Structures are given as structure tokens and as C-alpha cells.
1. Does Ala199 qualify as being on the phi < 0 side of the Ramachandran plot, among the small types (Gly, Ala, Ser) and open to solvent by less than 60 Å² (accessible area, probe 1.4 Å)?
2. Residues of the stretch 171-183 being in contact with a helix residue (DSSP H, G or I) (Cβ under 9 Å, 6 or more places away or on another chain) and open to solvent by 50 Å² or more (accessible area, probe 1.4 Å), which ones?
3. Count, please, the residues in the stretch 125-151 that happen to be within 17 Å of Gln236 (Cβ to Cβ) and of a type in the set (Val, Ile, Thr).
4. In the stretch 124-151, which residue that is crowded, with 24+ Cβ neighbours inside 10 Å and more than 11 Å from Ile195 (Cα to Cα) is nearest to the chain's Cα centre (by Cα)?
5. Any idea which of (1) in contact with a helix residue (DSSP H, G or I) (Cβ under 6 Å, 6 or more places away or on another chain); (2) among the β-branched types (Val, Ile, Thr); (3) part of a loop (DSSP other than H, G, I, E, B) is the one Ile75 doesn't satisfy?
6. Is at least one residue of the stretch 249-268 modelled with pLDDT under 70, touching a helix residue (DSSP H, G or I) at 6+ places or on another chain (Cβ under 6 Å) and open to solvent by 50 Å² or more (accessible area, probe 1.4 Å)?
7. If you take the residues of the stretch 9-28 that are under 24 Å from Leu316 (Cα atoms) and in contact (Cβ under 8 Å) with a residue 12 or more places away in the chain, which of them is most open to solvent (accessible area, probe 1.4 Å)?
8. So in the stretch 71-86, with the set limited to residues that are out of contact with any Gly (no Cβ under 6 Å at 6 or more places or on another chain) and open to solvent by less than 30 Å² (accessible area, probe 1.4 Å), which one is farthest from Gly314 (Cα to Cα)?
Amino acid sequence: MLDVREYVLKTPPGGVKRYDHDALCDLLKVEDYSRVIFEQGVGREAIVRIYPSNPLMGVRDMTTTDLVMDERGRIQLGTYFDGSPLRFRLFDPKTGNAQRGAVFGTTGAGKSRLVQAILIACKNSGIVVHLADLKHGQSVPEAAGQVATRVTTQYEAILMLRGLVAEAERRMAAYAEMGRSGFVINSPDPLTYGIVDEANRLLEKGAPFREEGALLIKELGRTGRSVGVGIIIAAQAGHLEELGGSDTLRGMLKEGEVILLRWSSAMMQQLVSDGLLPRGESLQPIPKVVGQVRKIRRFNEQRADNEDDVNSQGMLYHLTGIRPTSMARTFMVGSVAPTPGFDPVILALYGDHAPPGQAIDLEEYVSAKEREAAAEGGQTGTSSAMPAPAPDTSRLSTAQRILAALPAGAWPRSTLWPRSKPTAAAGSPEPPCAPTSAPCAKRARSPGPTAPGSSSPSLRTDT
């Protein structure tokens, strides 16, 4: 049994909202500040615990059992410092609602591994996922082939979000005809999520699709949840001004599942000003290096070789959970060190079975204006003595051909142009899909509703 010292305190009325953690550790004569945990309870009771070492340092590996949704619609992502489970809700069976979620954290805080865990949980729980990995697919590369739709460019992310909004609208109309006021999972429609990793690239100031991206995400958060279409974003930004700057988005996230990993000093002030953290509340900082003791050494004292190794990946606060100011940590997801290819540990968690659902037909949600712009760009062009070779369009989807034909400068080509082109299987009767859609399945459907941000109905054009 751990040798834990525990002090139960009676605090002033209303509890302690802000305190100096360093001063508390100095008072208790503890040099390793990560060993001291302060937690404000209900009313005037608070607890200070001193552990022999940080209790979150020895977390176990993630298992497939953790990542299967329970009867209350939750998965277990990790543990709090006292051993109680850290749960993340994907579905509320009492209301029939999908969830709205956000994961914030600075570089290297463990954001991508947490997103991997959510993706694995969705696949193993029969939840359909449409994923936008806006780090050119590098953030969660093992997700290729493990989700219904996977895109890696900002333009394709917009098409994917348009498709999700159209699906939510279809469900609303269908449920109204059925006389149903809420969502019943798998009767007939599955629980569905749109997940946008590196969402700050899509929504930050100056991004080419910022306005429409924020509009579509807001629409999904506002109406999609009641028909079983949820939205989760993961971003480095901590300020909502960097994520579309919307009061609707702010309110959406305050009521959803919000996780904060290690942050920068500026992020904390921004979260408070945005209302995601109650004003006056104080969170114990998550250090980059846990267990590091900052003390003055004599001139002949040697430092340990590993004292500056980052070891706090996955430590977090579940801001909208039942313990918003209690530190927790995700279980270990994947190999500790980088692997030369796909991580075999993560692939084993995904399993060999096919992902649920069908891919969104991205071409169906290319607007008429975008097709017209592509046609005009292809006709005008620019002349030069040594023209650049035209891309091979025989293997491109309509969406890609539009990008190829757009006038230079219309959108940042480095951001939108895919780095590789897929090849169709020999003898395949179907034309190749967008390079990051998996699997290459198309759904025959009637022309959808007007795409948000466009003035004409979304069109379907076969490649």
C-alpha cells in the first residue's frame, strides 16, 4: 500500500478557487511539486495528499476492453491520481444525444494518442467515423482504413463536413416523418461522428475555409447531436478566436466533453476568458518534466542525464467532467518510442475487422460555384515559355480535378494539393476515390440540399 499522507482541510465558505501550489509544497517541505495533490471538495472541505511519487507516472497500457462503450455510453480513457476511472462520454442513452467534444493541448502533450483512443473506441463500439487529419494524415496515420472516411486536406474537410450536415438534415426530416423526437441508436441509423484533428489549421485566422468551417461545425453541434451525428475537434489552440471565434461554438464546447492536456501559459488565460474554465478556478500546472526538482547545485555536482526528458504526455484535466480540477492521465496508447512505420500496438487495438459505415461521397458536396470556378480556371490559365506539366487527371476525383484547375492563388496549393495519388485496383469497375477516403465506397443518393456556404444545390458528378 502506498505511503500517502492526507490532510483534510476546512476552507472558507465557497471553497478555495485559487492557490499557490509552489508555496504549498514549500510549506510541506516537498521538493518534487508533482507529488502534492490539492483537491477542493463540496462545500468547505478540501484534501491535500502527499504521494511518495507522482501517482500518474506508472499508468498501464490501454486495452480494447477500455475502449468499448458501456451501457451509459462511456469509454475509459485513463485514471485520476487516486485511481478512479477517467471516462469520456460518446453517447447519452437517456437523451439519445451524440456528444460535442474538444481536445486542447500544446505540442507534444499527447493529443494525437488521445484521438487515436477515441477512434479505436468508435470502431470497436460500432460508431461510424468520418475523420479529417489536417496534418497531411501524419497525426493519426494508423487510422487509414479504420474509419469510414478519411481526408487530409482543408478542402476535403469542408466537403466532409458538408456531407455530415446533409446527413443530419436528412435524419431530421426522416424522423419527423416517423413522428420521432429523438435519436434511437441503430434504429435505423448508426451513431456517427465527425472528428477533425488539427482543427486550428482549418479555423485559425487567415485559413481559406475558416468561415464555412466554423459554420458547419456549429451546425453539427447545434442540431446534429439530437439525431445521432456528433462532432469532436482536436487543436493546439486554446482560444476560441483561433477556432472560428464564435459565441455559438463557445457555448457548444462548454456543454460538451472538453479535455485540456498540457498547456502554455497563454492558453490558460484564454480558456478562462472564453468561459471554458470558471473564472477564479485554479488548475495545478502540468509540468513538461514530472519529478524534476529545481534546486541549486554546487559547482561540482552532476546532473542526471534524463532529468530533462519529457514524461508528462497524456496528463490532462477533464474540464466538463465531474472533477474538472482533478488531474488525470490517459492509459498508454501505442509504443513509447516512434516506430519506422505504422505502430503495431495501435493497429492491434483497432483490430482486423472492417470499420462500420460507408464513406461520404465527397464529390456530391462540391458546389456549383466551385465547379464553375474550376472550369474558368482551366480555360484561362497562364502562358509561359516553359509551362509546368499538367497533372495526370485520369486518376483524380472530381474534387481533385477542381483543385488542379483552380487559378493559382485561389487557395494555398501547398495546403490543399494531396501529396500522393491513389491507384485503382486492376480491373476495378469503380473510378478511384479521393486519395484519403477509405474505403472507396460510394452511396447512390438523390441530390442533397444546398451546401452551407454556397448558393446552389450540391451536385453529383461521376468521375
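1. Against the criterion (on the phi < 0 side of the Ramachandran plot, among the small types (Gly, Ala, Ser) and open to solvent by less than 60 Å² (accessible area, probe 1.4 Å)), Ala199 qualifies.
2. Met172, Arg180, Ser181 - these are the residues of the stretch 171-183 that are in contact with a helix residue (DSSP H, G or I) (Cβ under 9 Å, 6 or more places away or on another chain) and open to solvent by 50 Å² or more (accessible area, probe 1.4 Å).
3. Residues flagged as within 17 Å of Gln236 (Cβ to Cβ) and of a type in the set (Val, Ile, Thr) within the stretch 125-151 amount to 1.
4. Val140
5. For Ile75, the failing item is (3).
6. Yes, that holds for at least one residue.
7. Residue satisfying both the conditions and the ranking: Arg18.
8. Gly73
The values are calculated or read from the model by the stated rules, or taken from the named source; none is laboratory data. Note that the structure is predicted; figures quoted are calculated from it, not measured. Glycine gets a Cβ as well: all are built from the backbone with ideal geometry, and neighbour counts include every protein chain shown. Calculation scope for accessible area: heavy atoms of the full protein, side chains included, ligands and nucleic acids excluded. Shrake-Rupley method; radii C 1.70, N 1.55, O 1.52, S 1.80 Å.
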